[in-house]
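Here's the structure, in structure tokens; my notes come after.
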Amino acid sequence: MNAIETLGLTKNFNGLTAVDRLGIQVKDREVFGLLGPNGAGKTTTLSMLCTILKPTSGTAKVNGFDLLKNPNEVRKSIGIVFQDPSLDNRLTGMENLLIHAALYGMDDKKVLERAKELAKLVDLEDRMKDLVKTYSGGMRRRLEIARGLMHTPKILFLDEPTLGLDPQTRSKVWEYIEGVRKNEDITVILTTHYMEEAESLCDRVAIIDYGKIVALDSPHELTKKIGNEIVTITLDDKTRANEFRSLNFVAGINVSDDVKLSVHDGTNAIPKIMKFAIENKIEIKSIDIKKVTLNEVFMHYVGREIREENEKDNTKQMMKYRLRASGRL
Amino acid sequence: MIEYKAIKALWYREVKAYSNDRPRIISSVVRSLLWLIIFGSGFNAARFTGLDINYQEFLFPGVIGMSLLFTSMFMGISVIWDREFGYLKEIVVSPISRTSMLLGRVFGGTTIAVSEALLILLFSFVVGVHVNWINLPAILLAMILISSILVSLGLTVASFIESFEGFNTIMSFIIMPMFFLSGAIFPLNQMPAWMKPLVYINPMTYGIDIIRTLTIGISYFSLQLDFIVLIACAALMTALGSRAFKAKM
């Protein structure tokens with residue numbers, strides 16, 4: 001069974017189509033990424049899937065329940081970590097979890113045990129009795145992840161889970177998401193505009209732009225579709241560079257200070273290149289391989305233009321986020 | 001649908017946050033005492049015909065009513081607070097009904113407003129008012145009814161408003177007339193005819209009348225009428241609030 005199936009899911013805002021007849025199937029227990037520039041419709045899609053926004057047309061099945069006919073069953077099946085902070089800072093970490101449990105009508109006996117288990121999962125055991133006010137941005141995110149998991153949802157939505165976090169905290173949050181997927185029987189859907197995030201976490205990625213899917217596959221397949229990896233070698237004697245053209249897997253050569261070979265599968269190409277060099281007595285001083293990343297894939301599908309308006313919105317949002325995080329708002 | 005656990009949790013949330021907010025509690029009690037002591041002393045020399053107790057004593061139930069009015073109505077700000085700080089989303093995506101969302105807040109707000117009012121009742125000795133303590137259970141019931149009406153009203157207004165400033169402005173517009181037209185600060189016997197309909201449609205009038213009857217034994221309406229009106233208003237306002245939550249959240 002698919003965890004999520006959308007059928008022509010569409011949302012218009014005053015004549016502007018934010019999400020355009022979206023049709024995606026998210027498989028059970030996979031980590032699915034929605035990737036796209038700011039304003040592409042990621043958050044709008046998520047908001048519809050978690051019943052905050054009503055679709056203009058179309059619908060979706062979430063955990064087998066229809067969004068329009070059975071919104072309450074959908075709500076019970078999902079956990080959400082919103083893009084903006086949504087904790088009660090005046091309460092302790094534990095109280096935030098317990099109130100969440102009560103909102104979902106959890107069995108009292110299981111609640112404490114579950115809260116402790118999740119606090120451990122996100123490394124907040126020692127801080128559960130402290131007011132959330134005293135937490136750092138990263139700790140708040142982790143508490144939100146724990147809260148989203150309290151009622152053992154079948155599906156977890158993460159909307160830009162690492163927005164506004166520093167690189168160390170970000171990779172920590174990734175570890176926790178990996179931990180969640182190992183320990184819980186759960187499907188994870190996340191939106192992001194960080195390529196490394198999608199690449200390191202997701203089984204499959206949908207690149208979405210102007211409310212439409214422009215590409216959908218595993219990060220590996222997506223990069224493969226775009227094409228080559230670059231093997232860079234430096235030679236003792238540059239004049240011999242062209243001899244590498246005789247290798248049938250080399251698609252192109254670019255000679256400058258060093259020699260760049262376009263190949264389809266770099267990992268397999270390197271031993272062959274080395275073997276060829278040794279057999280022909282060409283001395284290689286250094287060798288390097290650069291993978292085509294999701295970054296290039298993203299640029300390929302979405303283009304390089306800067307989305308001025310959305311960029312501005314984003315800056316505003318980020319400032320708001322920071323002010324809130326620092327407790328000034 | 002009514003979810004008891006969820007209502008209890010939302011109630012706890014309001015009360016916990018409030019009890020940590022000491023400046024708010026103190027300022028609220030001090031405001032009432034200032035009214036009682038300064039306003040009451042200033043007008044103590046004035047004599048209303050037909051009123052044979054001193055003015056401070058007459059004002060005391062009015063000040064309790066004022067405390068209930070201000071604290072209860074401003075409970076609505078919790079909705080705006082939650083919207084601004086994102087917590088509202090957490091509640092809205094949970095599987096509880098809009099009615100439960102409202103009731104949790106109404107019970108929380110009522111608990112807080114009534115606690116404050118009881119605190120002021122304890123200060124009765126300051127102005128030499130002799131409260132009929134036997135009536136305490138009835139006073140408590142009346143306070144709960146009054147407060148639940150006002151909290152529901154505040155929440156209904158808040159659900160339509162996005163900003164703190166907007167909420168404060170509109171609240172002043174509603175609270176001031178409700179206070180002045182309730183008989184809290186002057187006896188209703190001699191009010192001009194044009195004022196009567198305004199006073200009669202104001203639920204605060206009946207609330208203040210109950211408290212005054214039960215504390216110092218001066219009444220304008222019968223106790224039965226007061227209670228009937230308040231119960232009806234409480235039912236009406238929670239229903240209205242529940243509809244507003246369904247429409248706006």
Acute angle (nearest 10 degrees) that the helix B:22-34 long axis makes with the longest principal axis of chain B, alpha-carbon atoms: 20 degrees
DSSP H segments from chain A that extend 15 Å or more along their own axis, Cα-based, with Kyte-Doolittle mean of 0.5 or above: A:93-103
At R0 = 60 Å, FRET efficiency that the Cβ-Cβ distance of residue B:247 and residue A:130 yields, to 0.05: 0.95
Chain B: most fluctuating residue of B:50, B:183, B:62 per GNM, C-alpha cutoff 10 Å: B:50
Fewest-first ranking of B:185, B:37, using other Cβ atoms within 10 Å as the exposure measure: B:37, B:185
Magnitude of the charge dipole, chain A, Cβ model with Lys/Arg +1 and Asp/Glu -1, debye to 20: 700 debye
Gaussian network model of chain B, springs between alpha carbon atoms under 10 Å - residue of B:194, B:11, B:133 with greatest fluctuation: B:194
Exposure proxy order (Cβ contacts within 10 Å, fewest to most) of A:100, B:130, A:300: B:130, A:300, A:100
Principal axis dimensions, largest first and in whole angstrom, of region B:87-199 by Cα: 51, 37, 22
Reduced Cα scattering model of region A:172-288, Debye log10 I(q)/I(0), q = 0.23 Å⁻¹: -1.21
Residue with peak Gaussian network fluctuation, chain A [Cα springs, cutoff 10 Å], from A:118, A:103, A:216: A:103
About the Cα centre, charge dipole magnitude for the protein assembly as shown (Lys/Arg +1, Asp/Glu -1 at Cβ), debye: 720 debye
Within region B:138-166: backbone nitrogen closer than 19 Å to the residue B:231 label point (7 Å, Cα to C-beta): B:138-150
Rg/Rg_globular for chain A, with Rg_globular taken as 2.2 N^0.38 Å and Rg from C-alpha atoms: 1.19
Percent of C-alpha pairs per 10 Å bin, region B:4-248, short to long: 7, 32, 35, 19, 6, 1
For the protein assembly as shown, alpha-carbon Rg over 2.2 N^0.38 Å: 1.31
About the Cα centre, charge dipole magnitude for region B:4-248 (Lys/Arg +1, Asp/Glu -1 at Cβ), debye: 580 debye
Between region B:50-119 and region A:9-65, the Cα center-to-center distance that results, in Å: 38 Å
Proximal lysines relative to residue A:238, as straight alpha-carbon distance under 27 Å, when same-chain residues fewer than 8 apart are discounted: A:260, A:272, A:275, A:281, A:285, A:290, A:291
Candidate aspartates and glutamates - alpha carbon under 20 Å from residue A:224, same-chain residues fewer than 8 apart omitted: A:196, A:197, A:199, A:203, A:265, A:288, A:296
Residue-averaged [θ]222 nm for chain A, counting only DSSP H segments that reach four residues, each worth -39500 (n - 2.57): -11500 deg cm²/dmol
Pairs of Cα atoms farther than 15 Å apart, region A:72-147, %: 52 percent
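Just so you know, all these numbers are worked out from the coordinates, no wet-lab data involved. On a predicted model such as this, the values are computed, not experimentally measured, just so you know. So basically every Cβ, Gly included, is an ideal-geometry build from the backbone, and we count neighbours across all protein chains shown.
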